[in-house]
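**Q** I have a structure I would like to understand better, so I am pasting it below and will then ask my questions one at a time.
Every number here is computed from the coordinates shown, using simple stated rules; none is lab data. Because the structure is predicted, anything quoted here is derived from the model rather than measured. All Cβ positions, even for glycine, are placed from backbone atoms using ideal geometry, and neighbour counts span all protein chains on display.
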Amino acid sequence: MPTQAKAAVIDEITDRFQKSSAAVLTEYRGLTVAQLTQLRRSLGAGSSYAVVKNTLTKRAADEVGHPDLAPLLNGPTAIAFIEGDVVEAAKAIRDFARANPLLVVKGGVVEGRTVGPAEVTALADVEPREVLLAKLAGAMKGNLTKAAGLFQAPLSQVARLAAALQEKKPAEGADSAAGTATDTTATDTTAADTTDTADAADAAASTD
């Protein structure tokens, strides 16, 4: 490929990285054109799925500050550039991969952060943003300042915060057979849980 043509391709891939809220790198070896077309259509409006040359994509990744994508750029590579709903696109990729095991998710970039294949899959399990934020706000016991901050948080932060809160959620009903706790103990426990939840929110929100 002539140097000028290579430069044009690098510019195009760079532009796609910059305009996309997420980019998922995949290996498509063995999939048919019809199957790739099906995947492309399932990603939703504003998104695209393109076969790329690894050497040129590495240079584009360097241009946008993601040289750590280089190890993923081996073998036949196609990238889903997502400009619409990241969670919905992640669900589409997950569901397609389940039906077509030849599609291998390598990893990618989500809201400027390099992620592995497990995190791409985890995004597909995230509830709609409005539902997730409502649950988080409720878990914070009415702390409006922190809840308001979450509505502005990147999707990757919200997903990590949800995981942090899930880890802190106490097992329900474990002590039901042991009798009813005193009012004082119940009050102290509730206060401690609220503090832990708020602390989890602070820790997760300050990760990026």
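**Q** Label region 20-109 by shape, choosing from rounded, prolate and oblate, from the square roots a ≥ b ≥ c of the eigenvalues of the Cα gyration tensor; if a/c is under 1.5 it is rounded, and otherwise prolate applies when a/b is larger than b/c, oblate when it is not.
**A** Taking the square roots of the gyration eigenvalues as a ≥ b ≥ c, region 20-109 is oblate.
**Q** Using θ = phi - 60° and the Karplus curve 6.51 cos²θ - 1.76 cosθ + 1.60, what whole-Hz ³J(HN,Hα) does each residue of region 104-113 get, with Gly and Pro shown as x?
**A** Coupling constants for region 104-113: 10, 7, 8, x, x, 10, 10, 6, x, 10 Hz.
**Q** For GLN38 and ASN100 in the same chain, what is the full-extension length gain: residue separation times 0.36 nm, less their Cα-Cα distance, in nm?
**A** Using 0.36 nm per residue and subtracting the Cα-Cα distance, I get 21.2 nm.
**Q** Sticking with this one: Considering the dipole of region 1-94 built from charges on the beta carbon (Lys and Arg +1, Asp and Glu -1) around the Cα centre, which of GLY30, GLY65, ILE93 is farthest to its positive end?
**A** Checked the options; the winner is GLY30.
**Q** Let me ask something additional. Can you compute the charge dipole magnitude of region 5-109 about its Cα centre, using +1 on each Lys and Arg Cβ and -1 on each Asp and Glu Cβ, nothing else charged? Give it in debye, rounded to the nearest 20. List each step's numbers first, then the result.
**A** Numbers: 13 positive and 11 negative charges, 72 e Å.
Dipole size: approximately 340 debye.
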